[in-house]
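Below you'll find the structure, written out as structure tokens, and then a few comments.
Readers should treat all values here as calculations from the given coordinates under stated rules, not as data from a laboratory. Keep in mind it's a predicted model, so treat the numbers as computed, not measured. Note that each Cβ is placed from the backbone with ideal geometry, even for glycine, and that neighbours are counted across all protein chains shown.
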Amino acid sequence: MAGKKQKETKEKPLEKMTATELRELAKGIDGITGVHGMNKPELISIVKRARGIVEAKGKSADGSVRTIKQKLRTLRAQRAAMDDTDPRRLQILRRRISRLKKKTRRAG
């Protein structure tokens with residue numbers, strides 16, 4: 001029966017794909033590296049960017065957990081490098097570290 005229509009296979013929406021499927025998809029796109037180190041939201045955004053899909057910016061606090069933890073590391077390094085002569089500055093750093101730790105718990 002040569003007259004039969006072939007069904008077009010539609011691709012799943014990116015949000016419904018698993019991280020493994022997104023990695024396979026991203027590996028096929030030129031210019032994307034470090035796919036295996038990315039998590040699902042990062043993979044979705046990089047594939048959308050590569051396809052030219054504009055992401056709707058929703059309500060995001062300070063970004064992903066990774067960026068918050070990077071900020072934490074820098075603040076902790078500053079705290080470790082400080083001498084104890086400025087207790088006010090030390091208190092400010094402690095408060096900032098505490099706030100960032102709370103954000104990671106909420107974002108995670």
Given Lys10/Lys69; Lys40/Lys71; Lys48/Lys69; Lys12/Lys102; Lys12/Lys71; Lys27/Lys71, which pairs have Cα atoms separated by over 31 Å?
-> Lys10/Lys69; Lys12/Lys102; Lys12/Lys71
Distance in nm between label sites at Ala77 and Ile92, each 7 Å beyond Cα in the beta-carbon direction?
-> 2.0 nm
